[in-house]
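Engineer: Let me begin by handing over the structure; questions about it come next.
Read-outs throughout are calculated quantities, based only on the coordinates presented, and are distinct from any laboratory measurement. Just so it is clear, the model here is predicted, and its values are computed rather than measured. With ideal geometry, Cβ positions are generated from the backbone for all residues, glycine too; neighbour counts draw on all protein chains shown.
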Amino acid sequence: MTSERISEKKSQRLLLCSISITIIGLTMSCSTTPHPLTGPSPGAATPEDGAKPPIAEAIPHKTDVHGVVLIDDYFWMRDRNDPRVRSYLEAENRYTEAVMRHTSKLQDTLYREMKSRIKETDLSVPVRVDDYWYYTRTEEGKQYWSLCRRRGSLQGAEEVLLDVNKLAEGTEFFSIGSLAVSPDHQLLAYSFDQTGDEQYTLRIKKLATGELLPDVIDKIDGAIEWANDNRTLFYVVQDKARRPYRVLRHELSQSGADPIVYQEDDERFFVSLSKSKSKKYIFVELGSQVTSEVRFLDADAPTGELRVFRPRIQGVEYRIAHHTDWFYVVSNEGAKNFKLMKTRVTDLSPQSWQQVIAHRLEVKLDRIEMFRHHMVVYQRKGGLRSIEVWSLQSGRRHDIEFDEPVYAAFGGSNPEFDSTVLRFTYTSLVTPRSVFDYDMETRKRELKKQQEVLGGYDSSRYRSERVFATATDGTRIPISLVYRTDMRRSGGNPCLLIGYGAYGVSIDPHFVSTRLSLLDRGFIYAIVHIRGGGEMGRQWYEDGKLLMKKNTFTDFIAAMEHLIGQGYTSSEELAIQGGSAGGLLIGAVVNMRPDLMKAAVVHVPFVDVINTMLDASIPLTVIEYEEWGNPNQKEYFDYIRSYSPYDNVAARDYPHLLITAGLNDPRVQYWEPAKWTAKLRAMKTDSNRLLLKTNMGAGHRGASGRYNRLHERAFDFAFILDVLGLGG
């Protein structure tokens, strides 16, 4: 399992998350007692209507760790059953609303701009699976999509398999976890979440009649895979700490408890499911941040033996793919940037493995995709994605060429094993999302669809480039930029700089139409590819984790200094943004160099690092010891404490801050941003805005409906524009 795969499946403090939709192997991607509130904090901005910021009561809580006494004045906020907690969060929401009320017209303008650019009634590119064409459809005015299909040809009658708008009626939040159509195309299994806590309910629908089967399974992890008998499916459930740890097998309409197929007792490991494109095997994938193991089951024999491909070895990650008589293995054993091996299905012993692609220092092998006659290799070269196609018959190989200097290319929905056509998606900071079908034999590509940007979008009006900042240790840090072609490096351009820098996850330069509302107001939009991410290979990730985590923060600071020093922007025009683990980044940076930016937007930030990582009862803590370190060991305790944003708040000036939280967030608990806000409000010495906005009915991802998400983005942009003096 590659590091990216591990990050997608198990790193839980990610901000960027996507729906997992599987169609027989096709992934589509309390009381209201008032809390004691006093007057405004020192220097806090007061809106015109006189609203005052709430002040959280300081109740010291002492913890002795390694002989160090930690005092946490806001520890009490962890108790969501304490009526004071909800009262405080609601008071902060009222204050945020009051402070931002004067921007309501700006928010509405931004929302209407964003909405006007999207094609509200639209179809995804249909994907063929056997004799069916599957696609999703959106309709004007509706928050969610519908899953549809046509049989035989695209001119056939449309079947609406699932209308998510109907499922979501009467709910504040609704999210689909997985969709899985049975191999015979007669049944649809789907999972959904109605609170944002990422615990899903599984239902099964008979597609011929629309009837829901009586089978209902609550609190699953989301992933679903069908066996080939069309009546058995596998799913994953979580333990008390919200760790996916157990695979169960369900037979339709069976009575009694579902049998356990596998249980993972090591708290460092998460369990996930997948199915080979050949439809031959069900894979049970087990992974920590640095180690993996795969077990597999014949999909034609769902009650059969679950076999271990290779027992786990600490520090060794691998992932397997099936092709006829062979298993192909992407592994980092003795290969930091991963290598490709293969072995016969009948002989799994490592000594029989054959090398296909050797390890390369300059190229990171991310993953492979197998077709009957071709293999597709997804890699990173020089920080950019590349796609290489191999002929399994001739051995010839070639790269798919891309012209822009800054871009992203991703594998698309390719469920058919017996196909010579690869579907992939291409995008850049100026090129809307474009879906191509690529003939791997003739090397011809066909544009199937490009995201329509309404309102006359003209990519020639914008320019993207990649520049490099120099870190404190001399490392060159890439920054991807996009701006209007009339931009001049005069030091007076407003700029929004974003970063993440954790789990080996990369922020690839892709097109987002909402971003135009900033670009058309003269903004530079910048992404800094800091260490801790995976853009520049595995070493890039390792150089920004554990006892080297501070490289992530100083890299970001170097990027700010570079953009200011080169005249792209100034500290008075610079806003920064990050979320989740990227919120940790922003929290650390505003402690270290608050003078370099005017404003910061921080979504669901992981900022109470030392307290969270000391508490193994909190969901997701143990698995993250291999990312941040275990503070029960003094070396890691001292290091984490030295940068943890919450623990390093001080009596100093801070930039304008907008902080968000989700009450039902299982990844970054609501109390982390709440405690951080309370401590900042008590200690900061400036008069800049400090706003906390908690979604009381959602989790880590925020609002679920597409229009609701646009409102959230408009709010963020209005905050940035207003504090930069551009809200008029």
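Engineer: Sort out for me the Cα centre separation of the range 361-387 from the range 117-183, rounded to whole Å.
Structural biologist: The distance from the Cα centre of the range 361-387 to that of the range 117-183 comes to 30 Å.
Engineer: Normalised by the residues of the range 365-451, what does the relative contact order come to in percent, with Cα pairs under 8 Å and at least six apart?
Structural biologist: Relative CO of the range 365-451 lands at 19 percent.
Engineer: Continuing with the same structure: Express the Stokes-Einstein translational diffusion coefficient of the range 305-412 in µm² s⁻¹, to the nearest whole number, given a Kirkwood radius over alpha-carbon pairs, 4 °C and a viscosity of 1.567 mPa s. Don't skip to the answer; put the middle values down first.
Structural biologist: On the way: Rh = 15.0 Å.
D, rounded to a whole number, is 87 µm²/s.
Engineer: By count of other Cβ within 10 Å, fewest leading, how are His510, His700, His359 ordered?
Structural biologist: Values: His510 21, His700 24, His359 18.
Fewest-to-most ranking of His510, His700, His359: His359, His510, His700.
Engineer: Using the structure shown, select from Lys275/Lys693; Lys62/Lys336; Lys142/Lys449; Lys206/Lys279 the pairs with a Cα to Cα distance greater than 31 angstrom.
Structural biologist: Lys275/Lys693; Lys62/Lys336
Engineer: Can I ask one more? At a temperature of 4 °C and a viscosity of 1.567 mPa s, determine how fast the chain diffuses translationally according to Stokes-Einstein, using the Kirkwood radius over alpha-carbon pairs as Rh; express D in µm²/s, rounded to the nearest whole number.
Structural biologist: Details: Rh = 26.7 Å.
Reported coefficient: 48 µm²/s.
Engineer: Roughly how big is the range 365-451's charge dipole about its Cα centre, with Cβ charges of +1 (Lys, Arg) and -1 (Asp, Glu), in debye to the nearest 20?
Structural biologist: The calculation lands at about 120 debye.
Engineer: Hey, if you put +1 on the Cβ of every Lys and Arg and -1 on every Asp and Glu Cβ in the chain, which of Ala469, Leu207, Leu167 ends up farthest toward the positive end of that dipole?
Structural biologist: Working it through, the farthest residue towards the positive pole turns out to be Ala469.
Engineer: Percent of Cα-Cα pairs more than 20 Å apart in the range 185-265, please.
Structural biologist: Considering the range 185-265, 31 percent of its Cα-Cα pairs are separated by more than 20 Å.
Engineer: When the Cα centres of the range 710-725 and the range 289-356 are compared, how far apart do they sit, in Å?
Structural biologist: A separation of 48 Å, based on Cα centres.
Engineer: In addition: Would you mind ranking Lys448, Lys545 so that the residue whose beta carbon has the fewest other beta carbons within 10 Å leads the list?
Structural biologist: Ranking Lys448, Lys545 by Cβ neighbours within 10 Å, fewest first, gives Lys448, Lys545.
Engineer: Also: Tell me, what is the percent relative contact order of the range 469-623, built from C-alpha pairs under 8 Å that lie six or more residues apart?
Structural biologist: Relative contact order here is 25 percent.
Engineer: Largest first and in whole Å, what are the equivalent-ellipsoid semi-axes of the range 365-451 based on the Cα gyration tensor, each being the root of 5 times an eigenvalue?
Structural biologist: After scaling each eigenvalue by five and taking roots: 21, 15, 11 Å.
Engineer: Relative contact order for the range 246-393: what percent, with Cα pairs under 8 Å and sequence separation of 6 or more?
Structural biologist: Relative contact order comes out at 12 percent.
Engineer: If I model a spin label as a point 7 Å beyond the Cα along the Cα-Cβ vector, how far apart are those points for Gln633 and Ala58 in nm?
Structural biologist: 3.5 nm
Engineer: Could you pull out the GluC sites (Glu not before Pro) across the range 420-524 that fall in loop regions by DSSP (anything but H, G, I, E, B) with no more than 15 other Cβ atoms inside 10 Å?
Structural biologist: Glu441, Glu452
Engineer: Could you name the lysines whose alpha carbon sits less than 21 Å from that of Lys550, not counting residues in the same chain fewer than 8 places away?
Structural biologist: Lys634
Engineer: As I understand it, the dipole of the chain uses +1 on the Cβ of Lys and Arg and -1 on the Cβ of Asp and Glu, about the Cα centre. Which of Thr96, Tyr135, Pro405 lies farthest toward its positive end?
Structural biologist: Pro405
Engineer: Here is a further query. Taking neighbour Cβ counts within 10 Å as the exposure measure, how do Phe523, Phe173 sort from fewest upward?
Structural biologist: Least crowded to most crowded, the residues run Phe173, Phe523.
Engineer: Additional query: Could you tell me how far the Cα centroid of the range 529-584 sits from the Cα centroid of the range 191-223, in Å?
Structural biologist: Measuring centre to centre over Cα atoms gives 40 Å.
Engineer: Suppose every Lys and Arg Cβ carries +1 and every Asp and Glu Cβ carries -1, with no other charges. What dipole size does the chain come out with about its Cα centre, to the nearest 20 debye?
Structural biologist: Details: 94 positive and 96 negative charges, 212 e Å.
Charge dipole of the chain: 1020 debye, to the nearest 20.
Engineer: Would you list, by chain and number, the lysines whose Cα falls below 24 Å from the Cα of Lys448, excluding same-chain residues fewer than 8 positions away?
Structural biologist: Filter leaves Lys115, Lys119, Lys277.
Engineer: Which one of Ser253, Tyr318, Ile282 is farthest out on the positive end of the charge dipole of the range 225-326, using unit charges on Cβ (Lys, Arg +1; Asp, Glu -1) and the Cα centre as origin?
Structural biologist: Sorting the options by dipole projection puts first Tyr318.
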